[in-house]
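> This is the structure, below, for whatever I ask next.
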Amino acid sequence: MIIDCHGHYTTAPKQHEGWRQQQIAAFDEKKAIPARPSISDDEIRDSIVNAQLKLQKERGTDLTIFSPRAAGMSHHLGDAETSAQWSRACNDLIHRVCALFPENFVGVCMLPQSTGVSPANCRAELERCVKELGFIGCNLNPDPSGGWWKDPPLTDRYWYPIYEKIVELDVPAMVHVSASCNPCFHGTGAHYINGDTSAFMQFITGDLFKDFPTLRFIIPHGGGAVPYHWGRYRGLAQDMKKPPLKDYLLKNVYFDTCVYHLPGIELLTRVIPVENILFASEMVGAVRGVDPETGHNYDDTKRYVDQLKIGAAEKQKIFEGNALKVFPRLAGALAKARK
Ligand SMILES: [Zn+2]
């Protein structure tokens, strides 16, 4: 089975994002928030069948771990209540996709984060998504300010209330920034990769996993700059008198394969143990074009993993085994879908 651990609902029916614009306008003008638009099952089916589901079939993947559009989370807009309303709307829509296509999609939620507001306010929505909607993980934004980095690092006790709930529910968190509102940082080209890299360095600096030995993070987009600069991070950790990174972080930190060329995936799998790599494509996402050098979509990452000169057992870990380990609720969700 081929599990893509990183996909967003980038193709949601237009009225969903339309409502978001109305919601933010109403917030800014201090007016009442409009009612949610109606979205039919057929509209949801159409938005999936001709996009993510079509690509799953064409590329030979089986299941996408599916979450709301990442740039759309935009935790910097409005206030905590704005984020709470938007999170519920987005997570409910993911749940409807998963209910319509239970064998192809399993849900991961966004959290109602808001800059300067304790992540304790995300506990109830995470619990609702996991216990009531059957979700198996969450996306945690390390920078709800959208490129200004106004909140403390992920190792700060500020974040502990949400970690306690994540651990209690036994779900992993993907470290995933949202839109950049800092013009210095292009969203998917700089802010995303910065977020991934910064999170890893924060984990080196702090001693978070001493307090939360079972907390698990997936750093997406191949771990940002981390695998390429692995020697730098090993050396920095050594200078800080930290244990070797393999012992210090790799029981808790995983990387996905959203790296859009073969040499990048080769490097990732040479540097990072295969036990810490989860297959992902982030389709339909940041990079939608065709690579003229290969004639295939950049984000068709399965092709790169297929071409790796590693054993079948190692590939099975990347494609399936590691996801089942990192997302312990996935096996149950799949068994339920197949009933
Ligand atoms: Zn993403």
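> What's the center-to-center distance, using Cα atoms, between region 246-316 and region 39-62 in Å?
For region 246-316 versus region 39-62, the Cα centre distance is 23 Å.
> Starting from the exponent 0.38 and prefactor 2.2 Å, build the expected Rg for the chain from its residue count and divide its actual Cα Rg by it. Provide the component values of the computation, followed by the final result.
Values: Rg = 19.0 Å, N = 339, 2.2 N^0.38 = 20.1 Å.
Ratio of Cα Rg to 2.2 N^0.38 Å: 0.95.
> Between E132 and E81, take the C-beta separation as r, use R0 = 30 Å, and let me know the FRET efficiency to the nearest 0.05.
Working: r = 20 Å, r/R0 = 0.68.
The formula returns an efficiency of 0.90 here.
> All other residues with a Cβ under 13 Å from the Cβ of L77 taken together, and with Lys, Arg as +1 and Asp, Glu as -1, what is their net charge?
The answer is -3.
> Sticking with this one: How would you classify region 109-258 from its alpha-carbon gyration tensor, with a ≥ b ≥ c the square roots of the eigenvalues: rounded for a/c under 1.5, else prolate if a/b is greater than b/c, otherwise oblate?
It is oblate, given that a/c is not under 1.5 and a/b is not larger than b/c.
> What's the local net charge at R216, with K and R +1, D and E -1, over the other residues with C-beta under 11 Å away?
On the way: positive: K251, K325; negative: D170.
Its environment carries a net charge of +1.
> Mind checking the full-extension length gain between A313 and R270? Use 0.36 nm per residue of separation minus the Cα-Cα distance, one decimal, nm.
Gain on stretching A313 to R270: 13.9 nm.
> Apply the Karplus curve 6.51 cos²θ - 1.76 cosθ + 1.60, θ = phi - 60°, to the phi angles in region 169-186 and return the couplings in whole Hz, x for Gly and Pro.
3J(HN,Hα) across region 169-186, in whole Hz: 7, 6, 10, x, 10, 8, 6, 9, 6, 10, 4, 9, 10, 9, x, 5, 10, 4.
> Could you list which residues have their amide H under 5 Å from that of G146, counting only those 5 or more apart in sequence or on another chain, with H placed in the peptide plane?
Residues meeting the criterion, in which the H sits 1.01 Å from N, do not exist here.
> For the chain, what does the helix formula give at 222 nm: sum of -39500 (n - 2.57) over DSSP H segments with n ≥ 4, over the residue count, nearest 500 deg cm²/dmol?
-11500 deg cm²/dmol
> List residues of region 73-94, by number, whose backbone nitrogen lies under 20 Å from a label position 7 Å along Cα→C-beta of E168.
Answer for this model: 84, 88.
> Using the heavy atoms of the protein chains alone and a 1.4 angstrom probe, what is the accessible area of region 201-339 per residue in square angstrom?
Roughly 48 Å² per residue, with all protein chains present.
> Excluding K131 itself, calculate the net charge of residues whose Cβ lies under 15 Å from the Cβ of K131, where each Lys or Arg counts +1 and each Asp or Glu counts -1.
0
> Starting from region 217-291, pick out the trypsin sites (Lys or Arg not before Pro) whose DSSP state is loop and whose Cβ has at most 12 other Cβ atoms within 10 Å. Don't jump to the answer; show the numbers that get you there.
Working: sites: R232, R234, K241, K246, K251, R270, R288; in loops: K241, K251, R288.
Answer by residue number: K241, R288.
> Further question on the same structure: Given a 1.4 angstrom probe, I'd like the percentage of the accessible area of the chain that is carbon and sulfur, rounded to a whole number.
Roughly 53 percent, rounded to a whole number.
> Sort region 200-339 into rounded, prolate or oblate with this rule: let a ≥ b ≥ c be the square roots of the eigenvalues of the Cα gyration tensor; rounded if a/c is under 1.5, and if a/c is not under 1.5, prolate when a/b is larger than b/c, oblate otherwise. Write out the running numbers ahead of the final one.
Values: a/c = 2.00, a/b = 1.25, b/c = 1.61.
Oblate, since a/c reaches 1.5 and b/c is not below a/b.
> While we're on this one: Within 10 Å of each candidate Cβ there may be at most 16 other Cβ atoms; applying that plus a DSSP loop requirement, which trypsin sites (Lys or Arg not before Pro) in region 1-51 survive?
Within region 1-51, the qualifying trypsin sites (Lys or Arg not before Pro) (loop, at most 16 other Cβ atoms within 10 Å) are K30, K31.
> Could I ask something else about it? So if I place +1 on the C-beta of Lys and Arg and -1 on the C-beta of Asp and Glu, and nothing else carries charge, what would the dipole magnitude of the chain be about its Cα centre? I want it in debye, nearest 20.
480 debye
> Tally the DSSP beta bridges in the chain and give the antiparallel ones as a percent, rounded to 5. Please report the intermediate quantities before stating the final value.
Values: 2 of 22 bridges.
Percentage antiparallel, nearest 5: 10.
> Further question: Can you list residues whose amide H is under 5 Å from F66's amide H, if they're 5+ apart or on another chain and H is modeled 1.01 Å from N?
Amide H to amide H, under 5 Å and 5 or more residues apart or across chains, F66 pairs with V106, G107, V108.
> Still on this structure, I have one more. With no other cysteine's Cβ closer than 4.7 Å, which Cys residues of the chain count as lacking a disulfide-compatible partner?
If one checks each Cβ against the other cysteines of the chain, C5, C90, C98, C122, C138, C181, C184, C258 turn up with nothing under 4.7 Å.
> Could you give each residue of region 68-75 its phi-based ³J(HN,Hα) in whole Hz, using Karplus coefficients 6.51, -1.76, 1.60 with θ = phi - 60°, and x for Gly or Pro?
With the stated coefficients, region 68-75 comes to x, 3, 5, 5, x, 4, 5, 5 Hz.
> Right, next: When only DSSP loop residues count, what GluC sites (Glu not before Pro) in region 33-138 have their Cβ near at most 16 other Cβ atoms within 10 Å? Can you show the working numbers first?
Values: sites: E43, E58, E81, E103, E125, E127, E132; in loops: E103.
Here the sparse-neighbourhood loop sites are E103.
> Probe radius 1.4 Å, ligands and nucleic acids left out: which of T294, T197 has the largest accessible area, and how do the rest follow?
Largest to smallest exposure gives the sequence T294, T197.
> Suppose each label sits 7 Å from its Cα in the direction of the beta carbon; what would the L250-D41 distance come out to in nanometres?
4.7 nm
The values are calculated or read from the model by the stated rules, or taken from the named source; none is laboratory data. Everything numeric in this text was worked out from a predicted model, so none of it was measured. Here Cβ is always computed from backbone atoms with ideal geometry, including for glycine, and neighbour counts include all displayed protein chains. All accessible areas refer to the heavy atoms of the entire protein, side chains included, with ligands and DNA or RNA removed. Shrake-Rupley method; radii C 1.70, N 1.55, O 1.52, S 1.80 Å.
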